[in-house]
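One structure is given here, and the rest of the page talks about it.
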Amino acid sequence: MVLVAVFGVALLVAVLLSGLAARTVLSTSLLFLLGGALVSDGFLGLIHITPDSEIVSVTADLALFAVLFTDGTHVSFPKLRANWRNPARALGLGMPLAFVGMALVTHYVVGLDWTTSFLVGAVLAPTDPVFASAIVGRKEVPARLRQLLNVESGINDGLALPIVLVLIAAAGPTAGHAEASLSKIGLELGLGLALGIMLPLLVTHLARFRLLGAEPKLQPLLPLAIGVILYGLCHLTHANPYLAAFSAGAVLATVSPDGKAAFEPLGELLAELAKFAALLVFGALLTPQLFGDLSLGGYVAVVLGIVLIRPASLLISLIGTRFERREKLVAAWFGPKGFASVVYGLLVLQSGIPGGQQAYTLIAVCIAASIIAHSSTDVPIARLFHVEDLAGIPADGERTASRPGEEMDGHRDDHRQMA
C-alpha cells in the first residue's frame, strides 16, 4: 500500500506540473524516476524493491506492451508501404551499427568479455520514443520524421529480443543449446505476429454482425478488450507479446479507423499510467550503491552510447535520404532507452550468467541517463519545428479553445501560412 500511496502522490504532482513540464525542460517521466529513487532503500527507505522482485518485471512488461499497442495504432499500412525505406534503413543498418558499436565500447572500455559485451549492445539497441513525446506526438513535426521514430521503436524491440535470448544462452551454462533456443525464439516471434494480426481481424469482423457492436460510450473498450486478451494469450502460449502488441495496434488502425479514433484518448492515458508506474518502480532500483558499483569505464561507455553511438549509427543509415539536415540530427539524437531495455536488462540479471551483474549495472545506469537526457530535451528541440502550446494550454492573453482540437487546428493553419 505504501507503493500505491507513493504512486498517487507522484501522479498528483506530475499532473499539477504537467503544463509547466510540457513547455520547459522539466519532465514528468523524470519526476516519477526521481520519486521512485527517493522512496527506495537508498534514501527514505519507504519501499523495498530489488531487481528480482516480481513487481519490477511485471510493471515493465505491462508498460512496454501498452506503449507498443498504442504506438501501433498510429501506424498506417498504406502510408508505411509508400514510405518504408527510411524505417527499413534505421532498422536494417542503423540498429546493427548501434548494436556493434555499443558492444565494441563495452568490451574495450568496460572490459567485459565479447559475448557479454554483445549482449549489452543488444539490450541497449532498441529505442523508445515515448520519452520524446513532444517530437513523436506532434503533428507539426514532419510526418516522415515522426513515422521513422515511431516505426523504428515499435519494431526494434521484437528484433532485439531473439538476439538477447540467444546471447544469454551462449554466455551461460546452456551455451550449447543456442541453436535450439534460436528455433524456439523464431516460433515465439511468429506466434506473436500471428496473434497480433488475427485477433483484431476476428474481433473487428464480429463487431460488424447486425446483432453485435458496441454502443458509442463503450466503443473505446473494444480495442482495450483486444489488448487485454492478446496480453493474456501471449503469456499463456509464450508468444512474443511486444511484436504482437505493435502489430495488433497497426492492424486495428487499418481495419477499424473509427475504433482506433474512439480508443485513442483512453489508450494514451492507460499507456501513460503504465509508463509512470514502471518508471516509479525502476527508479526504486536506482540506489547510490548501483551508481557506485559502475566503474569509470562504465560511465564513459554510457556517455558514448548516448551522445555518439546512436547518433552516428542513425546518421550513417540516413545518408542519401531526403531528410533535411535538421531532421536527421533530431532523429539521430532521439534514441532513448526505455522499457524494452529495462525488461531485457532484467533478463540478463536473472539469467545468472558470468558478468551478468556488471552488465545489468551498466544497462540500468545507461537507461536512467537516457531517460533524463532525452525526456528533458524533447520540448526545446520540438521548438525548432515551431511547435507551440505543447500542453494544449493557451498562452497568457489567448482565448481558450471552445472545442477539442480547435486550438491545434488554428495552429496548423498558422503553420501552413508560415510555410
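Just a few scattered comments:
- In nm, spacing of pseudo-spin labels at Ala143 and Val255 (7 Å Cα→C-beta vector): 2.4 nm
- Orientation-averaged projection of the stretch 1-120 equals 11.5 nm² [convex hull of Cα atoms, one quarter of hull surface area].
- Taking label points 7 Å from Cα along the Cα-to-Cβ direction, Lys217 and Leu187 give a separation of 4.7 nm.
- Considering all C-alpha pairs of the stretch 294-378, those separated by over 15 Å amount to 62%.
- Kirkwood-based Rg to Rh ratio, the stretch 217-347, C-alpha trace: 1.05
- Gain on full stretching of the segment that runs from Ile319 to Glu268 - 0.36 nm per residue minus C-alpha separation: 15.0 nm
- Extension reserve of the Leu12-Ala194 stretch, reckoned as 0.36 nm per residue once the Cα distance is removed: 61.6 nm
No value in this document is a laboratory result; all are computed from the given coordinates. Remember, predicted model here, so these are calculated numbers, not experimental data. When we count neighbours, we look across all protein chains shown, and the Cβ atoms used for this are built from the backbone with ideal geometry, even at glycine.
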